[in-house]
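Report on the structure given below.
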Amino acid sequence: MSQSLQAKIADVFQEPGCEKNAAKDEKTRKKGCSKPLTPGAAAGGCAFDGAKIALQPITDVVHLVHGPLACEGNGWDNRHAASSGPTLYRTGFTTDLAEMDIVMGSGEKRLYKAIREVIARYAPPAVFVYATCVPSLIGDDIEAVCRHASEKLGTPCIPVNAPGFVGSKSLGNKLAGETLLDHVIGTMEPEVSTPTDINILGEYNLSGELWQVKPLFERLGIRLHACITGDARYREVASAHRSQVNMMVCSAALINIARKMQERYGIPYFEGSFYGIEDTSVALRTVARMLVERGVPTDLLERTEALIAGEEARCWARIQPYRARLKGKRVLLYTGGVKSWSIVSALQEMGMEIVSTSVRKSTAEDKDRIKEIMGGDAHMVDSIPPREMYAQLRRGDADIMLSGGRSQFVALKAKVPWLDINQERHMAYGGYDGMVSLVRELDRAIANPVWQQVRQAAPWDAPLAAVG
Amino acid sequence: MAEVLHSRKSCAVNPLKSSTPLGAALAYLGMAGSVPLFHGSQGCTSFALVSAVRHFKEAIPLQTTAMDEVATILGGAGNLEEALLNLQKRMKPRFIGIASTALVETRGEDIAGEVRTIVARREELRDTAVVYASTPDYEGALEEGWSKAVTAIIASLVPEDKTSQTDRRQVNVLPGVHQTAGDIEELQALVESFGLFAVVVPDVSGSLDGTVPDQYQPTTAGGTQVEQLADLGRAAHTIAIGQHMRRPAELLRDRTGVPTTIFQTLTGLGPTDALVTLLTQISGRPASLRLRRQRSQLLDAMLDGHFHFGARRVAIAADPDLLCSLAGFFAGMGAEVVTAIAATAGSPLLAEVPADRVMIGDLQDFEDAAKAADAELLVTHAHGRQAAERLHLPLMRVGFPIFDRLGAMHRCMLGYRGTRELIFEVANIALSGLHSHTPEDFADALPPIEETSHAYAPAQRH
């Protein structure tokens, strides 16, 4: 590992803005956050995966993966981060290193040529170049290649140095944040700038969720300048330092960006969520208050309250028909991080019962919030082994499971309704509108008549009755 | 004869390939009670896993040795041993198939030696068949990975014995990576219609065919039993499908002495006739009435369908054997293969693809070439969807991955029935694209009027 990357990782592990970190003593903090993985019992993506997830939604740039085929070839164009315009980000680019490149050490040369090719053909505003394990192992210096290419070719080439083997997906998220801080944010000036410009960090516009909340801000005259990185254009991210307030969603993923932007550019930030009615209202209210604190006229506050009141009422009215159908239904919620508490409160708003919720990736504060929301009977679990999960579902402990694709088939094979609430989902659940979608999807899943049919055994195994 | 060209780009754009270890994993998944294990970083496994889950719509048991940077530099034997023991403890597999990745192969360890040492030393692994194939990502793609894994299975688990008594009714089948559960079931039915039975290695029709078992199953629920491998030497004949199965098929023949036939494809009238001829010879029985009827149905489908193939301009991008098979099928139905892109240079038969040239390339090459050649139909895997959108052309999904359609594993393209269905599928795509004619369609019906040659021509219109 290069020294600069080592320093970066140490820096990320020291992040003072991270609540998990804040709760640690000096000694444990030094050890860093990476739990050693167990061979033969590990799940989840690598640091490269995490970096790519965080940056790929920048729609108008080339995302070029420097490595052997698998890193890009097995996983390109597989998420639903939506774009309102450019589609370049959905194109898979890789140097597809062959044995000769590795043996002869010609990887850097190949990378440079690849950069030249994509710039010649696509003329992107920037090229993001991702390091992977093999070139890192043989000592390819992607930072040097990017520096050289930027100078020679006149297009910013951004080195994303998060090879898979340095750690987990979440470390990769943070290294992606560092990349933006080091090479992108603050390098350009915005075309338009207003006193109500805000940025949203850690929102990837999966299935278009950003567009469920963007109109709310627009209605208040608040301008969403840069979403980092959902539906983003390079220039928006590069000029994000001129915004007035940063809202950080998705918990700790990009906390380093929020905190360092405050340090460097004096932009205050807060952590919020657009999942659930209550959370959406709190987020709107907080943005308005922080903008007013930065000098926006105070009438914004009243207008915000009026919007919230109207939207909440409209949302409840749309949800109402489903409440009776969902009330008392038991949910097994299996996800991580910020989504847990925000979805817990959303489900409770529907009168649903949470059988248990996982808190694998949650911070101490997340857990406190869940306790607070769920009262005394918070069934928080760290992780449920699939065999145990299957047994619970077969026993009928829950009426539906909400989780990510990884456990989808545990639920389905146990013949229990399942709803995708992870990044691969096709539905948008953001804001007030998303809450209505979520409730509609819950009902659609639970009420489907197939559950009855698939649970019944074949009738012809019963003792034979006489024909006739 | 086609000229085989290599793309000269340094940057692969919209990769056509899926990785070599993934191909190996798919083969290992055809074994019963199996867990494939990638020797690499956890991301190597994670990407392959997601890709496989999205294609099969099934939970896929795929594990990782979780190499981090330190282990990579110091050597991965410890991780490999720990992974094998953990898998054995947690999942009790009957079979573990190890596929190496570019990461560990770049460092260049003696993984085969390490596996031997670990298995010999650890009591716990006594009842588990452990197989290793060297499958770095930087060499080959899906077909190569599958081929290497099947070769490794045969090399490790099929005894070298040419003296075992022959069961005249047994036929060994070595399917290629693109044979689905539906294909294998059809092939079994064909074999059984001659009073024979098939031993399929590996058999994804028992493990990836999508069923609902009555209990939780951490490993594959069905597939080829390890014990069956010992019986391969008893077969009357071995049938392998595709050029990429030549190596494992020849190895099996060398170890067992069982006569072997390698079919380049079993899609199409000619190839199916050849298979049926072979089965009549092996069994000494004539083709059944049902089979005769199926052949006649295929002839009828060819007659009904040929209207929609003749001179149609088709662009195909696929792994080499699948490309050869499909190009042969389309050309045989009268279509013109205007673009042929192969994921790798894997097969010597690429030169025989009925097209002017075959390019070893990616989906950008495919899109560019299809556009330049004015193709009317795109044939490739689901990642061709972006090209189809941009070119406003229908996309017929074939191969791996197909993540945006259901039923990829049950689609059958082999034998008389599978070919018949394939003809209908293509013809229906053409039929759904038919448009109602307008006068403009016939603008060229008469030569344009030239003003000077007709005294009574109207004045120039505006």
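The values are calculated or read from the model by the stated rules, or taken from the named source; none is laboratory data. Not measured: the values here are computed from a predicted model. Backbone-built Cβ (ideal geometry, glycine too); neighbour counts: all protein chains shown.
Table for the structure above
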| item | result |
| --- | --- |
| Matching residues in region B:378-392 - criterion: being more than 13 Å from every other protein chain (Cβ to nearest Cβ) and surrounded by 22 or more Cβ atoms within 10 Å (Cβ to Cβ) | B:L378, B:V379, B:T380 |
| Test result for B:V314, outside any helix (DSSP H, G or I), farther than 17 Å from B:L5 by Cα and at pLDDT 95 or above | yes |
| Which listed residue, of B:V226, B:V150, is buried (at least 24 other Cβ atoms within 10 Å of the Cβ), farther than 17 Å from B:M409 by Cβ and away from chain A (no Cβ under 14 Å) | B:V150 |
| Residue match in region A:122-140 (condition: within 22 Å of A:A10 (Cα to Cα) and either without any contact (Cβ under 8 Å) to a residue 40 or more places away in the chain or surrounded by fewer than 24 Cβ atoms within 10 Å (Cβ to Cβ) (or both)) | yes |
| Residues (within 18 Å of A:C146 (Cβ to Cβ) and buried (at least 24 other Cβ atoms within 10 Å of the Cβ)) located in region A:55-72 | A:L55, A:I58, A:V61, A:V62, A:H63, A:L64, A:V65, A:H66, A:G67, A:C71, A:E72 |
| Residue list for region B:79-109, restricted to those being under 22 Å from A:F48 (Cβ atoms) and of a type in the set (K, R) | B:R107 |
| Every residue from region B:406-431 that is closer than 18 Å to B:Q179 by Cβ and free of Cβ contacts under 8 Å to residues at least 60 places away in the same chain | B:G407, B:E421, B:E425 |
| Given (1) facing another protein chain (nearest Cβ under 8 Å); (2) crowded, with 19+ Cβ neighbours inside 10 Å; (3) modelled with pLDDT under 95, index of the condition A:R79 fails | (1) |
| Selection status of B:V53, at the interface with another protein chain (Cβ under 10 Å from one of its Cβ atoms) and under 21 Å from B:P15 (Cβ atoms) | yes |
| Filter result (free of Cβ contacts under 8 Å to residues at least 40 places away in the same chain and more than 7 Å from every other protein chain (Cβ to nearest Cβ)) within region A:86-109 | A:T87, A:L88, A:Y89, A:M100, A:D101, A:V103, A:M104, A:G105, A:S106, A:E108, A:K109 |
| Verdict on B:A388 being among the small types (G, A, S) and part of a helix (DSSP H, G or I) | yes |
| Region A:110-165, residues that are more than 10 Å from chain B (Cβ to nearest Cβ), at negative phi and in a loop (DSSP other than H, G, I, E, B) | A:P124, A:P125, A:A126, A:D140, A:D141, A:T155, A:P156, A:N161, A:A162 |
| Subset of region B:56-89 that is acidic (D, E) and facing another protein chain (nearest Cβ under 7 Å) - its residue that is surrounded by the fewest Cβ atoms within 10 Å (Cβ to Cβ) | B:E82 |
| Residue in region B:23-41 that is outside the structural domain of B:V200 (by TED's automatic domain parsing), under 30 Å from A:R90 (Cβ atoms), hydroxyl-bearing (S, T, Y) and touching a Gly at 6+ places or on another chain (Cβ under 8 Å) present | yes |
| Residue satisfying all of: in region A:337-377; small (G, A, S) and crowded, with 18+ Cβ neighbours inside 10 Å; modelled with the lowest pLDDT among these | A:G337 |
| Test set (1) surrounded by fewer than 16 Cβ atoms within 10 Å (Cβ to Cβ); (2) assigned to a helix (DSSP H, G or I) - B:R285 fails condition number | (2) |
| From A:R219, A:R235, residue being in contact (Cβ under 8 Å) with a residue 40 or more places away in the chain, charged (D, E, K, R) and closer than 23 Å to A:Q262 by Cβ | A:R235 |
| Qualifying residue in region B:184-205 (condition: within 14 Å of chain A (Cβ to nearest Cβ) and either under 22 Å from B:T128 (Cα atoms) or surrounded by 18 or more Cβ atoms within 10 Å (Cβ to Cβ) (or both)) | no |
| Single residue of A:A144, A:A149, A:A126 found to be under 28 Å from B:R107 (Cα atoms) and either in the same structural domain as A:D96 (by TED's automatic domain parsing) or out of contact with any Ser or Thr (no Cβ under 6 Å at 6 or more places or on another chain) (or both) | A:A144 |
| Positions within region A:386-428 being within 11 Å of chain B (Cβ to nearest Cβ), under 24 Å from the mean Cα position of the chain (by Cα) and not in a loop (DSSP other than H, G, I, E, B), in sequence order | A:P386, A:G405, A:R406, A:S407, A:Q408, A:F409, A:V410, A:A411 |
| From the options A:R395, A:R440, A:R387, residue that is surrounded by fewer than 18 Cβ atoms within 10 Å (Cβ to Cβ), under 23 Å from A:V344 (Cα atoms) and either free of Cβ contacts under 8 Å to residues at least 12 places away in the same chain or of a type in the set (V, I, T) (or both) | A:R395 |
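Table: residues versus (1) surrounded by fewer than 24 Cβ atoms within 10 Å (Cβ to Cβ); (2) modelled with pLDDT of 95 or more; (3) of a type in the set (G, A, S).
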position: A:A226; (1), (2), (3): no, yes, yes
position: A:A232; (1), (2), (3): no, yes, yes
position: A:R235; (1), (2), (3): yes, yes, no
position: A:R242; (1), (2), (3): yes, yes, no
position: A:Y275; (1), (2), (3): no, no, no
position: A:V287; (1), (2), (3): no, yes, no
position: A:E293; (1), (2), (3): yes, yes, no
